[in-house]
Amino acid sequence: ISNGNITQFILPVVCFVWQIAMIILFGVFVRYDEESDAHWSEHKREKNITSDIENDFYYRYPSFQDVHVMIFVGFGFLMTFLKRYSFGGVGFNFLIAAFGLQWALLMQGWFHALDPADGQIKIGIENIINADFCVAGCLIAYGALLGKVSPVQLMVLTLFGIPLFAVEEYIILHVLHVRDAGGSMVIHTFGAYYGLTISWILYRPKLDQSKRLNGSGYHSDVFAMIGTLFLWMFWPSFNSAISDHGDGQHRAAINTYLALASSVLTTFAISSLSAKRGKLDMVHIQNATLAGGVAMGTAAEFMITPYGSLIVGFCCGIISTFGYLPFMEKYMKIQDTCGVHNLHAMPGVLGAVVGAITAATASESVYGHEGLVNTFDFKGKYAERTPATQGGFQAAGLCVALAFGIVGGAIVGFILRLPVWGDPSDDNCFDDEVYWEVPEDEESIPPILEYNSHMVGKYADRM
Amino acid sequence: ISNGNITQFILPVVCFVWQIAMIILFGVFVRYDEESDAHWSEHKREKNITSDIENDFYYRYPSFQDVHVMIFVGFGFLMTFLKRYSFGGVGFNFLIAAFGLQWALLMQGWFHALDPADGQIKIGIENIINADFCVAGCLIAYGALLGKVSPVQLMVLTLFGIPLFAVEEYIILHVLHVRDAGGSMVIHTFGAYYGLTISWILYRPKLDQSKRLNGSGYHSDVFAMIGTLFLWMFWPSFNSAISDHGDGQHRAAINTYLALASSVLTTFAISSLSAKRGKLDMVHIQNATLAGGVAMGTAAEFMITPYGSLIVGFCCGIISTFGYLPFMEKYMKIQDTCGVHNLHAMPGVLGAVVGAITAATASESVYGHEGLVNTFDFKGKYAERTPATQGGFQAAGLCVALAFGIVGGAIVGFILRLPVWGDPSDDNCFDDEVYWEVPEDEESIPPILEYNSHMVGKYADRM
Amino acid sequence: ISNGNITQFILPVVCFVWQIAMIILFGVFVRYDEESDAHWSEHKREKNITSDIENDFYYRYPSFQDVHVMIFVGFGFLMTFLKRYSFGGVGFNFLIAAFGLQWALLMQGWFHALDPADGQIKIGIENIINADFCVAGCLIAYGALLGKVSPVQLMVLTLFGIPLFAVEEYIILHVLHVRDAGGSMVIHTFGAYYGLTISWILYRPKLDQSKRLNGSGYHSDVFAMIGTLFLWMFWPSFNSAISDHGDGQHRAAINTYLALASSVLTTFAISSLSAKRGKLDMVHIQNATLAGGVAMGTAAEFMITPYGSLIVGFCCGIISTFGYLPFMEKYMKIQDTCGVHNLHAMPGVLGAVVGAITAATASESVYGHEGLVNTFDFKGKYAERTPATQGGFQAAGLCVALAFGIVGGAIVGFILRLPVWGDPSDDNCFDDEVYWEVPEDEESIPPILEYNSHMVGKYADRM
């Protein structure tokens, strides 16, 4: 493990310098918004708000916590599936998410939350949800690189990924005025292509040397199911967390709930159908069951109808599971450890298309006049936009997300190829030993010796 | 494993056909309700609702997510306790819950949510909570059968279990006008007897041949505690999720919280008392600690008083733990893998009785006039019903739940005995190998051989 | 296991007697408060409350459930990190929390929630949150003693710890009128010194005899990360759960979120910097990442500013990680299994100091007049108090917390030294075998013998 010496200095320095930079930038730029500032009681009176429960905090905090669980436990544990990279899966996910969310508050804030009165970013509950969303993009990218990069490389990936995301999001949501509450484009498509492009540039022809560790273990598969289930259960909160108050949040949650349910059945079907003797593969269950949530990221708040949501989940469960079949993996020639192409890229693109079609076919007869205006925010300078035009802009949004993911990933990929980041050698990938003090496991002692060693050793004097 | 071939075709077909059926039925019958439809803003004005936070979504969504966690992580991980059936425990739980909740939205909707104006089922947050409740009945039944049935049998169990539940629920809650917010009768009693009757009909005299796998492992016991704790913590949400807004939800949560706390102490006491040398048994802690929550399913929203809740939890912790003692298991002669008789059947029946007594003794002096009317919904055609009469109807509700569980279980049990479902042979029960690609554990391979076995094995051609 | 016989009788007796005492005391003293009582609809009319969503339940229930998860899953799983004490970690945590919360409702109720009209304690959502907080103090103390005490000793620790906490809390919050919403002083400082003092009195010079088990395993480290992450994610709910409605809760959540994020980076930095070859240590990641949450317990609801929160987290991550370095452990000469000195004591004291300074420097220009009055509750007999004076009282509060922790711990420590509690011998510490039926692990048995050993062993007579 020759990279130890490098890591020993770079990682602490990066963590310290970047955290100090965050403190300085927050000191200059970031303040509480009206709803989290102690002047709220005066603000309430001015705006004739009659109750504290109208503070946006109460509309969004339960969903925020669900999203937060998805980011840290969901993504984190989903990435524990490798038999000897569980520490790295959940640990580095923790590190880059914690850095990313601070950086995202600044980056997104500069675009969305800058108060023209004093040039400062005003943060509240919606900003911290959006920061979690922004972080999700980088964590998806991490999924493609799991086990093959150093923590410093991940910090760099996040350093560049967050502003790329913020610009992309600004263009899509504000310049193009696209609706994408759950981020099929903004989060999933961008994040997946960002990671896949980096992985493609960091291609390791000799990765086979780590093949023995590139697989799951019985218990690590169960750990990964913790991640899967928290992602699956809380996805309705993800897609509804920043939707409109009232029917928007309500409908987004229901649509996502249905799409996810539908994905589960088709995932089990394809998984069983594709294997010898009909056996199910945990990799499929852990991942493809979530495809419906990804694919509802754009259309969740639209009037896509309950059966429309089921259809989306149905198709994405199939497509995503197919992506995980071995012959597909060979065909793709991408070293994509977690299969983010199957879980985020394909369903994300599909979700964007579904969203564009649903938007283009929206009508006042289905939404009501007010409903249409509220759902697509046809207000102010967008008051004249029609659903058909909106559909076109939705499609344009997808192109922006793809472009930012691929171009951004290419640039960052080349930066990460510099030989200074302490990445693991080809025969040390997928191995926690490289970056972690790993406890010696009782079980890792050769069985033939174990029994005796127990008799004379460790447990001999038990009780 | 001779059943592989059968499963290979049946499971995918069942998943596909039933999911397509769901899509068609949802297309014909299911629409958004007033609070999740884009017409909400007009609806709000008509009904003089002044704030979006009055949308039922905000009253119920946090509890919904807690219930959702109980269904997927709670039940799922509780069933990972077997040393080599963790995949099946959490995985099949996931499959049948995802199918069941769609089917439940239809079945319960036909009884409860049909809009007479257009003959369509209108769904919102309360419906998806109820769908999770309905699914819980089938998952309880799965607990009795864990490790002994095929996924296709579980799909059939769910296919019949959901409409049985919906009819039973309709009779109990609407025809008899019984109160059962947390489902001591409707969910637990029905679900447990449904599963136990099926298990009795599928009795395997030679199950001993799988005895080596019918036990827990150290880590699988810790995984199961994840299930236990999420069930235990969120049970207050389960029992209050569809209670009346305001004091009803508030009281239901507090009563359940107290009953659960009380169960824990008596479970530890009986567990320690019953074992040689006073050692505690994880099986008891994993299960009997939850009995107080089951038993408060009916009375949680009543004015049972805080000490009344403690008494209920006290008794049920004792009864449930006794059920898990080995001599009881022998006496019962039921192959009940998870002990649902002890955790759901007995506490469920007791909870129904407690609810009937509490209802029968309700008075205006305790509830206040309005409180009594609201709590028992003595409105409309039930305006003249007295607490004493209500107590009688509550008892009748219990009989209905028992009858549906036992008769329904008998019918479904005979269907599941047909030799076409690909169930495991007697010496293959409790073994994930039958239905899953199980990774070879690093630990179970002598280190010297490990590298090679992986080189030629499963992951040799990955990437 | 020579203590088995003692435990066999004491634990069940303690559980039964104390639970029965709870029932009697609740029967005499505890009733529903106005918001959980069926008279709520009348109360609502009297107080001109126009909507059920103004019931405090809806302001606090989501945070309550997050806190509940922290208590049972957070603390419970954080303590599963030892390779062979996971049952005891999560199991005894469960036992004492379940007892403690009942006892806390009484003890805190006598001080805070006694209704002078009828001499009864009126409980609602805020009381059950406070009960969870009170329990947290005892669970922190358990962290110092993990693996070295019997469950009966833990019950005694809780029996005395809860009233000590309640008195301390009453003095700090009500007599001194100190603000400490997240309990840097009241919970963390008290709990840590309570546990550390007990541990000091129960010092075991020969604890080395259990050294082989005083360490983590690969999977137990991953289990512990479940605890870490749920604590980390939900800490914003912990610090905001009983803050003022509106901006208080909102700001407390945001400040805590930021401090926690900042701690993560400095923890990774110091962990990497301190180890040979820059390797990260899971113990640091599991614990020191949480220090920012502890340290924001007092100041979270103040206008500490977002960058102020980052600075607090930055410093505490460093201090806490340093505490876990081996040379520090040697220096301290305290047998502190979970390192509560590093995670709760030091950051708690620092949090109290930060709170005192922030309070002392508060001004109307920053808070607004109303904001200052609301945040520090300068009302009634405290209407004349100035921020500077408040700062002094905050500092006094810290002294009270320290005094109660150390003196209380000393008294309880001497009680726990009595040789009647069935504690493990020096060579049996950190071993679940002492108090639990531990399943034989498949993996630890030579494969060839496995089948037979099971046939004649533990499960041979099951079913």
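The values are calculated or read from the model by the stated rules, or taken from the named source; none is laboratory data. Just so it is clear, the model here is predicted, and its values are computed rather than measured. For neighbour counting, all protein chains shown are included, and Cβ atoms are generated from backbone atoms with ideal geometry for every residue, glycine included. Note: accessible area is taken over every heavy atom of the protein model, side chains too, but ligands, DNA and RNA are not part of it. Shrake-Rupley method; radii C 1.70, N 1.55, O 1.52, S 1.80 Å.
What a 1.4 Å probe finds exposed on the protein assembly as shown is 64% carbon and sulfur by accessible area, rounded to a whole percent. Other residues lying with their Cβ under 13 Å from the Cβ of A:ARG385 contribute a combined charge of +1, Lys and Arg counting +1, Asp and Glu -1.
Derived from the Cα gyration tensor, the three semi-axes of the equivalent ellipsoid of the range C:356-448 are 54, 22, 11 Å, largest first.
Distant-in-sequence amide contacts of C:ASP115, defined by a placed amide H-H separation under 5 Å and a gap of 5 or more residues or a different chain, comprise C:GLN120, C:ILE121, C:LYS122.
For the range C:97-136, a Kirkwood hydrodynamic radius built from all Cα pairs, placed in the Stokes-Einstein relation at 20 °C and 1.002 mPa s, yields a translational diffusion coefficient of 216 µm²/s. Adding -39500 (n - 2.57) for every DSSP H run of four residues or longer, then dividing by how many residues chain A holds, sets the calculated 222 nm ellipticity at -20000 deg cm²/dmol. For A:LEU280, the residues 5 or more places off, or on other chains, whose built amide H falls under 5 Å of its own are B:TRP436, B:GLU437.
Mean Kyte-Doolittle hydropathy of 0.0 or higher plus an axial Cα length of 27 Å or more: which whole DSSP H helices in chain A meet both? Those that clear 27 Å and a mean of 0.0 are A:4-29, A:86-112, A:125-145, A:218-240, A:247-274, A:306-324, A:387-416. As a quick test, which of the pairs B:LYS211/B:LYS276; B:LYS47/B:LYS379; A:LYS148/C:LYS83; B:LYS47/B:LYS122; B:LYS44/C:LYS379; B:LYS279/C:LYS333 have an alpha carbon distance above 30 angstrom in this structure? Pairs exceeding 30 Å: B:LYS44/C:LYS379; B:LYS279/C:LYS333.
Note on A:CYS338: accessible area is roughly 20 Å² with a 1.4 Å probe, heavy atoms of protein only.
Where the alpha-carbon atoms of the range B:166-215 are placed on the principal axes, they occupy 48, 21, 11 Å, in descending order. Measuring how big the protein assembly as shown is from its alpha-carbon positions, Rg and Dmax come out at 29.1, 83 Å. With R₀ fixed at 22 Å, the C-beta to C-beta distance from B:GLN209 to B:GLU433 puts the FRET efficiency at about 0.90. Computed from the C-beta positions of C:VAL420 and B:HIS174 and an R0 of 60 Å, the FRET efficiency is 0.55 to the nearest 0.05.
Please say if the range C:240-305 is rounded, prolate or oblate, where rounded means a/c under 1.5 for a ≥ b ≥ c the square roots of the C-alpha gyration tensor eigenvalues, and otherwise the choice is prolate for a/b larger than b/c and oblate otherwise? Taking the square roots of the gyration eigenvalues as a ≥ b ≥ c, the range C:240-305 is prolate. Per-residue accessible area (protein heavy atoms, 1.4 Å probe) orders B:ASP426, A:ASP427 as A:ASP427, B:ASP426, starting from the largest.
With q set to 0.20, 0.21, 0.25, 0.29 Å⁻¹, the log10 of I(q)/I(0) for the range B:33-99, from the Debye formula over equal scatterers at the Cα positions, is -0.78, -0.82, -0.98, -1.14.
Averaged over the residues of A:302-309, the number of partner chain Cβ atoms lying within 10 Å of the residue Cβ comes to 5. Here the convex hull built on the C-alpha positions of chain B has a volume of 168 cubic angstrom per residue. Computed over the alpha carbons of the range B:103-169, Rg followed by Dmax gives 13.4, 46 Å.
Based on the Cβ-Cβ distance of C:ILE201 and C:ALA388, what FRET efficiency does E = 1/(1 + (r/R0)^6) give at R0 = 60 Å, to the nearest 0.05? Let's see the in-between values first.
Values: r = 39 Å, r/R0 = 0.65.
The computed FRET efficiency comes out at 0.95.
Taking max minus min of the alpha-carbon positions on each principal axis, the range C:1-73 gives extents of 64, 31, 11 Å, largest first.
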